[in-house]
Structures are given as C-alpha cells and as structure tokens.
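Only one structure is covered here, and it is reproduced in the block below.
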Amino acid sequence: MMSRRRALTFLTLSVFGILAAYLYNNRKMTSTTKLVPAHSLAKGGAIVVGSGLAGLSAASQLVAHNVPVHLLERSPKPGGNSIKASSGINGAPTRYQLGSDIDFYDDTLKSAGKALATSRDKREKLISTLTNSSSSAVYWLVDEKGIDLSKVAQLGGHSKPRTHRGAGQTPPGASIVTTLLNSLKASPLFQLKTSCLVTKVLQTGGEVTGVEYSCEGEESKALHGPVVFASGGFAGDAEGLLAYYRPDLAGFPSTNDPRPGSQKLLTDVGAELIDMELVQVHPTGFVDPKNPSAPIKFLAAEVLRGEGGLLLHDDKRFFDELETRENVTNAIISNPATDASPRQWDVQLVLDEGVYNAAKSHIDFYLWKGLMRKIAAADLGPNALSTIQEYADAAAGRVADPFGRTSFANWTLTDVTPDSILYVGRVTPVVHFTMGGVVINEQSEVIKAGGEPIKGLWAAGEVTGGVHGGNRLGGSSLLECVVFGRIAGDRAASFFIESKQ
C-alpha cells in the first residue's frame, strides 16, 4: 500500500505535469493564431501596396530609413499607370524655370473648382502640401536619383511653364519609375512580388496590422506590419465603382486597363471616401486608324498642346487648347458624338515643325505607332488652312487670339500654304483619372469618419481623394505620387522604428 508521503508526491507531480502540458499547448496555439498583438506587428518590415510612383516613393523613403519593405503589385509588371506618364511632373519654383513662379498654389486652387465648397480647410492644407513640396520633389528626383528633368513646358490650366521632363528620348514617367525601381532592387531591404492581389486589410483593436494577399497560382498568405496603400484609382473599373458613381460615362473609351478599384479594402477598415463622383475625362486620347473602335486608347500627351498644338473640329478651332482638361473636354462633348460604341468624337490634333522639334521623342513614337501622320496642309479639310493661318497670326503676335490663348510655346509656322508640313492625329475624350478616393490628411494618414486617422495605415496617389478637387492639372499626378508617397514612407518608417523600441 502506497505511503501518504509517496501519494502526496505523486499527486504534486501530476498537477505540475498537467499544468506544464496546458502551458505548452496554450503557447503553441498562441504562436499559430492569426491575431497578432499590435506591439509586435512591425518586426517583419513595412508593406507597400502598388508599384506605381506613389508606392515606389514610399518604398524609397522606407529603405532610406533602413526599414525592410514588402511591395505587392497585382499586375504582372511593376510601374502602374505612372510608367506611362508622358507630359512630366510639376514643380515651382525650380532652377529650370526661366522666371519666378509663385502662382502654383493659386492655379491648383482655381482648378479644384466647385469642390472647394465642401471641406475647404482640409483641401487647402492638402493643396498647400502638394505645391509647397513641389520643388523639393523635383530636386529629390534630380539631385538624389539622377533623373533629368531639365525641360519645362506650360500645360493646360497653368499660368506659367512648370511641368518638367527630360531632354532625352525616354518619357518622364518611364524614366522616373525605372530609376526608382532599379535603385530599390539594389537594396537587400526591398522585396517585390508581382501578380499578387491584396484581398484584405488586417486590423487589431482599431489598428491596421497587415494584409492578406494571394499570388497567382498560390494559396492566400499574410504579411504583418504598417501598411502604405498606393494601389491607384478606379478609372478602369467600368463595371464596378465607375458605373456606380458615374453611370453617365458608360460607353466612353478609357486610357486605363480594366481592373477593379481597391477603395473597398480600405473602407472595410473604416476609411472615409471623398469626391468619388469626380472623374477626369481627358480631352485627347488617340483614335487609332487601324482599330478606331478599340475601347482602350493611347493618351495624346498634354505636352503636345502645351508646346503649341491646336485642336480642330470640322476644320475649325473651338476653344483655348490650354484651358483645363475639364473645360476642353466639355467643349468637345457639347457637339454630337461621331461614333456610338465607343462614344467618341472626331477632333484633329495639329502640330507644326516647331512643335515637332520641341516634343520630338513623343511625336516620333506616335508616328511609329501610326497614331499621327506627317502631311501637307492641303491634305486637311477645305477650311482648315484659313483656320490654321488665323492661329499662326495669333502665335506670331499679329492679332489677339479669338479664344484668349496667350501661350503658343514652340509653334513657328507663320505663313500657312498648301505645302506646309503638319503632324496630325485624331483624338477624342477618354476616361483617364479619378480625383476621388479615401480621405487623407497632410501626413498621408488615412482618415475615418469623425476625422481620426487609422493607426498603422497611410495612402498616396490616385487611391486617395481631396487633393485635386474637380480637375487635376496636368503634371500634378506624378507630383502627388512623389510628395505624398514620400510622406507616407517617412511616417510609416517612424511607426516601424517606434514599434521596435
């Protein structure tokens, strides 16, 4: 028979054994759960969603602060729409401008239009951040990244030339994106995954803690850390968000590949939306003569008009070509559409040899693509010569322009004859950019209803709203990406570093 002492010892060991097993199993369950404590979120680095210029700018700042970056891109190739940008990036004042420029803020405010009637104070803070940071954004790209942005043009809605591009053959979007991407790829802190779709933003106790995502052909995975969203707009979401907020744009061609918007991922964690009905229809997308009914159009860069190009409808000018995109588009669509599917108009973009030489790299590409033709003036309509001569007289200062245009840049043709060389392409309005998105503040923090920021979440670029209002000035898309992308990267880096302490 077991002694009382031995029985007590056996009972004590059994209790300790059960307790040890419980603690072991509890620890194992805790280590495999998806619920990650907020204090340990950032150990693996920061997460950037989207590889356009906003995402690359954020990632560049994170790496500069020695923070590991996981960049997720849903497309097979990085670069987003930014890599296609061809007119340039705004900056004022810069050393490349010939005169002083203190009007960028006022021009942007004017361009925002009626949207300023709501949330004016918040919008003005965003516009102030955008314009006041513009020169440093250009210098960051030029001086730190080695990108040429020495040529300056005046685009529509701008009172002065302030849109910067390089003097070489490479368009500014491609030059900027490839330079930043190559710099990031050289860092051991940077990891890029393409063909990976973010399906959920993770949240713990009101704080964003990471994302769930799935790559093509793989199971769903999770990443934990602070998140910067730079996933772009919804101009290609023709059957979803675009149809919901702007059903009147059904049938318009677009410059965007078809894909759903990602704003819902952010509203699911409390983000507020703004300006979702404000969609920019760019006045000049090329109608390819080889496939005129294609729903996706190649953009005719605004720099073509900025360097002196003009627009003709039925052989006549009809508006100041350097007005805002919104106003030029409205002037075009006030006429009956030429085609119903897609809805498009027959407008001719006309350039002379002076404009060609100023934007040679662009125009040579369009000629190679078959989107423009080099012709004699006699090949245009019967009334076009007299119209172009009137424009040439205004450009030469012989008469005032009847539409109020004051800048003709590099147009040099003074006496138009049937043999005068011109460069011509058919253009039509195209859905191009969405000004609406999630609300952010000047620190790029995503804001929820009530005005409080969502901890652990930042956003930059076209996924956000409130920066541009009713119209985006040409050259301010790339600028927005750099300014707010860098801010988001800096803020996310500070958050990551603090979480490690």
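The values are calculated or read from the model by the stated rules, or taken from the named source; none is laboratory data. Bear in mind that the values here come from a model prediction, so they are computed numbers and not experimental data. Neighbour counts are summed over all protein chains in view; Cβ atoms, including those assigned to glycine, are modelled from backbone coordinates with ideal geometry. The accessibility values were calculated without ligands, DNA or RNA, using every heavy atom of the protein model including side chains. Shrake-Rupley method; radii C 1.70, N 1.55, O 1.52, S 1.80 Å.
Please go through segment 234-245 and give me each residue that is part of a loop (DSSP other than H, G, I, E, B) and either open to solvent by 40 Å² or more (accessible area, probe 1.4 Å) or not hydrophobic (A, V, I, L, M, F, W, C) (or both), ordered by number.
Applying the first criterion (part of a loop (DSSP other than H, G, I, E, B)) to segment 234-245 yields 234-240.
Matches in segment 234-245: Gly236, Asp237, Ala238, Glu239, Gly240.
What single numbered condition from (1) in contact with a strand residue (DSSP E or B) (Cβ under 7 Å, 6 or more places away or on another chain); (2) over 22 Å from Cys481 (Cβ atoms) fails to hold for Val201?
Against the list (1) in contact with a strand residue (DSSP E or B) (Cβ under 7 Å, 6 or more places away or on another chain); (2) over 22 Å from Cys481 (Cβ atoms), Val201 comes up short only on (2).
At least 2 residues that are of a type outside the set (D, E, K, R), crowded, with 24+ Cβ neighbours inside 10 Å and more than 17 Å from the chain's Cα centre (by Cα) in each: list the strands (runs of 3 or more DSSP E) lying fully within segment 373-475 that qualify. Reasoning before the result, please.
Working: elements: 373-376, 421-434, 437-439, 445-447, 453-459.
Once the strands (runs of 3 or more DSSP E) in segment 373-475 are filtered for at least 2 residues that are of a type outside the set (D, E, K, R), crowded, with 24+ Cβ neighbours inside 10 Å and more than 17 Å from the chain's Cα centre (by Cα), what remains is 421-434, 453-459.
Identify, from the list Leu149, Leu180, the residue that is within 17 Å of Leu56 (Cα to Cα) and open to solvent by less than 20 Å² (accessible area, probe 1.4 Å). Lay out the reasoning, then the answer.
Values: Leu149 fails: within 17 Å of Leu56 (Cα to Cα).
Matching residue, one of Leu149, Leu180: Leu180.
Where residues in segment 251-289 are farther than 13 Å from Gly233 by Cβ and of a type in the set (Ser, Thr, Tyr), which of them is surrounded by the most Cβ atoms within 10 Å (Cβ to Cβ)?
Thr284
Return the residue satisfying two criteria in turn: it lies in segment 247-305 and is farther than 27 Å from Val446 by Cα and of a type in the set (Asp, Glu), and of such residues it is nearest to the chain's Cα centre (by Cα).
If we take residues in segment 247-305 being farther than 27 Å from Val446 by Cα and of a type in the set (Asp, Glu), then Glu302 is nearest to the chain's Cα centre (by Cα).
Which of the numbered conditions does Glu218 fail, given that it passes all the others? Conditions: (1) closer than 20 Å to Arg325 by Cβ; (2) without any contact (Cβ under 8 Å) to a residue 24 or more places away in the chain; (3) in a loop (DSSP other than H, G, I, E, B).
Failing condition for Glu218: (1).
Just one of (1) under 18 Å from Ile332 (Cα atoms); (2) open to solvent by less than 60 Å² (accessible area, probe 1.4 Å) trips up Asp248, so point out which.
(2)
Output the number of the condition that Ser86 fails; it satisfies all remaining conditions of (1) under 16 Å from Glu307 (Cα atoms); (2) assigned to a loop (DSSP other than H, G, I, E, B); (3) touching a Pro at 6+ places or on another chain (Cβ under 8 Å); (4) modelled with pLDDT of 95 or more.
(4)
Residues checked against (1) over 22 Å from Ala460 (Cα atoms); (2) open to solvent by less than 30 Å² (accessible area, probe 1.4 Å):
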{"residue": "Thr118", "(1), (2)": "no, no"}
{"residue": "Glu124", "(1), (2)": "no, no"}
{"residue": "Gln169", "(1), (2)": "yes, no"}
{"residue": "Pro172", "(1), (2)": "no, yes"}
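Given the structure, is Ser128 crowded, with 21+ Cβ neighbours inside 10 Å, in contact with a helix residue (DSSP H, G or I) (Cβ under 9 Å, 6 or more places away or on another chain) and either more than 26 Å from Thr406 (Cα to Cα) or at pLDDT 95 or above (or both)? I'd like the intermediate steps shown before the answer.
Working: crowded, with 21+ Cβ neighbours inside 10 Å: no; in contact with a helix residue (DSSP H, G or I) (Cβ under 9 Å, 6 or more places away or on another chain): yes; either more than 26 Å from Thr406 (Cα to Cα) or at pLDDT 95 or above (or both): yes.
No; evaluated as a whole, the condition is false for this residue.
Taking Gly205 and the conditions (1) touching a Gly at 6+ places or on another chain (Cβ under 8 Å); (2) under 29 Å from Gln443 (Cβ atoms), which numbered condition does it fall short on, given that it satisfies the others?
Exception for Gly205: condition (1).
Taking into account only those residues within segment 216-233 that are at pLDDT 95 or above and at positive phi, which is most open to solvent (accessible area, probe 1.4 Å)? If you could, list the steps in order and put the result at the bottom.
Within segment 216-233, the first condition is being at pLDDT 95 or above, and the residues that meet it are 220-233.
Still in the running and at positive phi: 225, 232.
Details: Gly225: 1, Gly232: 16 Å².
Among those that are at pLDDT 95 or above and at positive phi, it is Gly232.
If the Cβ limit is 6 Å and pairs must be 6+ apart or interchain, which residue in segment 268-295 that is in contact (Cβ under 8 Å) with a residue 12 or more places away in the chain and of a type in the set (Val, Ile, Thr) pairs with which residue that is open to solvent by 30 Å² or more (accessible area, probe 1.4 Å) and outside any strand (DSSP E or B)?
Every condition considered, the pairs that remain are Val279/Arg246.
Identify, by number, the condition in (1) closer than 30 Å to Arg259 by Cα; (2) open to solvent by 50 Å² or more (accessible area, probe 1.4 Å) that Ser159 doesn't meet.
Going through the list (1) closer than 30 Å to Arg259 by Cα; (2) open to solvent by 50 Å² or more (accessible area, probe 1.4 Å), Ser159 breaks only (1).
Which of the residues belonging to segment 312-323 are open to solvent by less than 40 Å² (accessible area, probe 1.4 Å), in contact with a helix residue (DSSP H, G or I) (Cβ under 6 Å, 6 or more places away or on another chain) and farther than 21 Å from Ala378 by Cα?
Glu321
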